[in-house]
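K.L.:
The following block contains the structure, expressed as C-alpha cells.
Read-outs throughout are calculated quantities, based only on the coordinates presented, and are distinct from any laboratory measurement. Since we're looking at a predicted model, the values are computed, not measured. Reconstructed Cβ throughout: ideal geometry from the backbone, glycine too, with neighbour counts over all protein chains shown.
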Amino acid sequence: MVGLPLKYSLSLLLALPACGPARPPAAVAAPPAAVASAPQVIVPAPPPPAGRIVVGAERLDVYLPQLKGQRVGLVVNQTSRVGPAYLVDTLRARGVNVTAIFAPEHGFRGEEADGATIKDGRDARSGVPVRSVYGKTKKPTPAMLADVDVLVFDIQDVGARFYTFISTLHYVLEAAAELDKPVLVLDRPNPNGDLVDGPILEPAHQSFVGLDPLPIAHGLTVGELATMLNGEGWLAGGKKCRLTVVPVAAGYTHATAYPLPVRPSPNLPTAQSVRLYPSICLFEGTNVSVGRGTASPFEVIGSPAQPATRPYSFTPRPNAGSPSPPLNGQPCHGLNLATAPTRESGGLVLRYLLDFYQQSTDKPHFFGKYFEQLAGTTALREQVIAGKSEAEIRASWAPGLAKFKTLRRKYLLYPEK
C-alpha cells in the first residue's frame, strides 16, 4: 500500500486481506476489546474483477468477526449500503446485535430537508432505536452510548470541509475516546479525492460546518480523515479513540472516478453537483442561490441582485429537499453550470465567486455573516471586496496548503494516482 505510515505496521501484521465470496475466510484483526490504542488499518484486498470498486462495508468477511458478541451502534444514513441493502439490514441478517442507530443531518434514511432538526425515534423496518446526532445534540452522550460496545461509522462523504457528516465523524470519535469505546470506520471513496484546495479553517470560525484545521477541499476519504483526527490529537483534550479502518479494496486511488451509487444528500443529485459542491457552496453565505428549490441544486447559481442579462434564470420554489429555499419565489439571474468546469488551475473554481460579486447590483448585501464559517477565514471576503485577482487569492492560500499537504501524506491509505 502506497504512503502508509510506519505506525500502522503492527496493525498490518495482525490484519488480513479481504477475499471474494468464493474464497475461504481468513483470520481477522482482534475484536474491539483487544484493539490497541493506536489506529489500526486492515490491508486492502487484491483488485476485484473488472476493476470494480469494493467499499469497506462490502468487506464483511473482514469486519463481521469484530462485531460478534458486541452491542453495535451504527452511525449511518441512506448511503450506508452493502450493494442495494442497507447496512443495518445486512448486519442484522447476519446475527449482529444492532442496539442503536445514530442519525446525522438529513436523517437515517436521508429524507429530511437541509437544516431540518433530526428527532429520536425507531426505525420502522428493523425496530432499532434511532438517536439523533443532528439537532440539539450533535455529539453522542454517555447515556446515548450506554448500550453500545462498538460504534460503526459508514457514511459517504464528498470531500468538502463544510459537509457536516465529517463533523459528525469528529464528534463520534471524540465521544468514543472519552468513553474508551472502539470505532470501526468502513471507508468509501471520496468523489472529490483529487482536490486539495482552499484556505485552512481558522479557530475563530470553527462551527459545525468546520471543526478542524482543514482546507475547503481536503482530498481525504473518511477513513483517512478519521486517522488524521485521531493521530493529530484534534479530538477534545487530545484524546485518542481505539480506531479501526476497513479500507476500500485495492485498485482505488485518489484519482479514480467514483460516480456515487446513492445520492449523498437531498440537494446533491448528480455527479456534476457533487464535483461543483466544494467550489459553489461558498455562495450559501451570500445573496446568491445555489439552486435549492429547483430541479438542479448545486448546478445553477443566480440572484435577483444580478443583471437580468445573465444567460440563465430560475425561480426557487419549495420542494422536498428545500421546503423553504433561499430567495423563494424570486427570479434569479445567473448561470447554468450543468456542463461547466468543476476544476480550475487544478483546484476550486474561484471565478464564479469573483464574477458574481463584481456584477452584483447590491454589493453591500452580497456577503452574509455565514460566509466566514464556510470560507473558514476572514481574508476571503476582504480579498473579494478589494478586487484581488484569482492568482493573488490562491497565492495567499499556498503556505497553509503546503503544510496541510505534507500532513495529509502521513495519513493516505491510497495512492494519489
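K.L.:
Return one number: the angle in degrees, 0 to 90 and rounded to the nearest 10, between the long axis of the Cα atoms of helix 271-280 and the longest principal axis of the Cα atoms of the chain.
P.N.:
60 degrees
K.L.:
From the gyration tensor of the Cα coordinates in the chain, what semi-axes in whole Å does the equivalent ellipsoid have, largest first, with each one equal to sqrt(5λ)?
P.N.:
37, 23, 20
K.L.:
Just add up the charged neighbours of Val72: K/R +1, D/E -1, any other residue whose Cβ is under 15 Å from the Cβ of Val72.
P.N.:
+2
K.L.:
Same structure, new question: When 1/r is averaged over all different Cα pairs and the result inverted, which Kirkwood radius in Å belongs to the range 174-297?
P.N.:
16.4 Å
K.L.:
How large are Rg and Dmax for the range 133-245 when calculated on the C-alpha trace, in angstrom?
P.N.:
That works out to 13.4, 41 Å for Rg and Dmax.
K.L.:
Note the angle between two axes, namely the Cα long axis of helix 222-231 and the longest principal axis of the Cα atoms of the chain, as a number of degrees from 0 to 90, rounded to the nearest 10.
P.N.:
The angle comes out at about 80 degrees.
K.L.:
Right, here's the next one. Give, rounded to the nearest 20 debye, the magnitude of the charge dipole that the chain has about its Cα centre when Lys and Arg contribute +1 at Cβ and Asp and Glu contribute -1 at Cβ.
P.N.:
Once rounded to the nearest 20, the dipole reads 520 debye.
K.L.:
Applying 1/(1 + (r/R0)^6) with R0 = 35 Å to the Cβ-Cβ distance of Ala391 and Lys417, what FRET efficiency is obtained, to the nearest 0.05?
P.N.:
Approximately 0.85, to the nearest 0.05.
K.L.:
Where nothing but the Cβ of Lys and Arg (+1) and of Asp and Glu (-1) is charged, how large is the charge dipole of the range 121-176 around its Cα centre, in debye to the nearest 20?
P.N.:
So the magnitude is around 280 debye.
K.L.:
Still on this structure, please answer the following. If you fit an axis through the alpha-carbon atoms of helix 165-179 and take the longest principal axis of the Cα set of the chain, what angle between them do you get, 0 to 90°, nearest 10?
P.N.:
With both axes taken from Cα atoms, the answer is about 40 degrees.
K.L.:
Net charge around Pro341, counting only other residues with Cβ within less than 15 Å of its Cβ (Lys, Arg = +1; Asp, Glu = -1)?
P.N.:
Taking every other residue near Pro341 into account, the sum is -3.
K.L.:
Work from the charge dipole of the chain (Cβ charges, +1 for Lys and Arg, -1 for Asp and Glu, about the Cα centre) and give the residue of Gly210, Thr270, Tyr63 farthest towards its positive end.
P.N.:
About the Cα centre, the residue reaching furthest to the positive side is Tyr63.
K.L.:
Please report, to one decimal in angstroms, the Kirkwood hydrodynamic radius of the range 258-417 built from all distinct Cα-Cα pairs.
P.N.:
16.9 Å
K.L.:
Moving on to the next point. Is the range 351-393 best put as rounded, prolate or oblate by its Cα gyration tensor, with a ≥ b ≥ c the root eigenvalues, rounded for a/c under 1.5, and otherwise prolate when a/b is larger than b/c, oblate when not?
P.N.:
Verdict is oblate for the range 351-393.
K.L.:
For the chain, give the share of DSSP beta bridges that are antiparallel, in percent and rounded to the nearest 5; count only bridges with both residues there.
P.N.:
45 percent
K.L.:
If you don't mind, another one. Give me Rg/Rg_expected for the range 273-336, where Rg uses Cα atoms only and Rg_expected = 2.2 N^0.38 Å with N residues.
P.N.:
Rounded to two decimals, the normalised Rg is 0.99.
K.L.:
Note down the magnitude of the dipole of the range 136-217 about its Cα centre, charges +1 on Lys and Arg C-beta and -1 on Asp and Glu C-beta and zero elsewhere, to the nearest 20 debye.
P.N.:
Charge dipole, the range 136-217, about its Cα centre: 280 debye, nearest 20.
K.L.:
Hey, another quick one. For the range 331-377, just list the percent of Cα-Cα distances falling in each 10 Å bin from zero outward, please.
P.N.:
20, 47, 32, 1
K.L.:
Over the Cα atoms of the range 329-417, what radius of gyration and what Dmax do you get, in Å?
P.N.:
Looking at the range 329-417, its Cα Rg and Dmax stand at 16.1, 48 Å.
K.L.:
Once you've got the GNM for the chain with C-alpha springs shorter than 10 Å, pick whichever of Phe165, Phe153, Phe208 has the biggest mean-square fluctuation.
P.N.:
Maximum fluctuation in the GNM of the chain, among the listed residues, is at Phe208.
K.L.:
Work out, in µm²/s and without decimals, the Stokes-Einstein translational diffusion coefficient of the range 192-244 at 20 °C, 1.002 mPa s, Rh from Kirkwood over C-alpha pairs.
P.N.:
179 µm²/s
K.L.:
Add -39500 (n - 2.57) for each DSSP H run of 4 or more in the chain, then divide by its residues: what number comes out at 222 nm, to the nearest 500 deg cm²/dmol?
P.N.:
Calculated mean residue ellipticity at 222 nm is -7000 deg cm²/dmol.
K.L.:
Using each residue's phi in the range 365-378, evaluate 6.51 cos²θ - 1.76 cosθ + 1.60 at θ = phi - 60° and report the 3J(HN,Hα) Karplus result to the nearest Hz, with x for Gly and Pro.
P.N.:
Taking θ as phi minus 60°, the curve returns 10, 5, 8, x, 5, 6, 4, 5, 5, 6, 5, x, 7, 7 Hz for the range 365-378.
K.L.:
Turning to a different aspect of this structure: Distances over 19 Å make up what percent of all Cα-Cα pairs in the range 243-309?
P.N.:
47 percent
K.L.:
As an exercise, identify the chymotrypsin sites (Phe, Trp or Tyr not before Pro) in the range 323-398 lying in DSSP coil whose Cβ has no more than 16 other Cβ atoms within 10 Å.
P.N.:
Qualifying residues, ordered by number: Tyr370.
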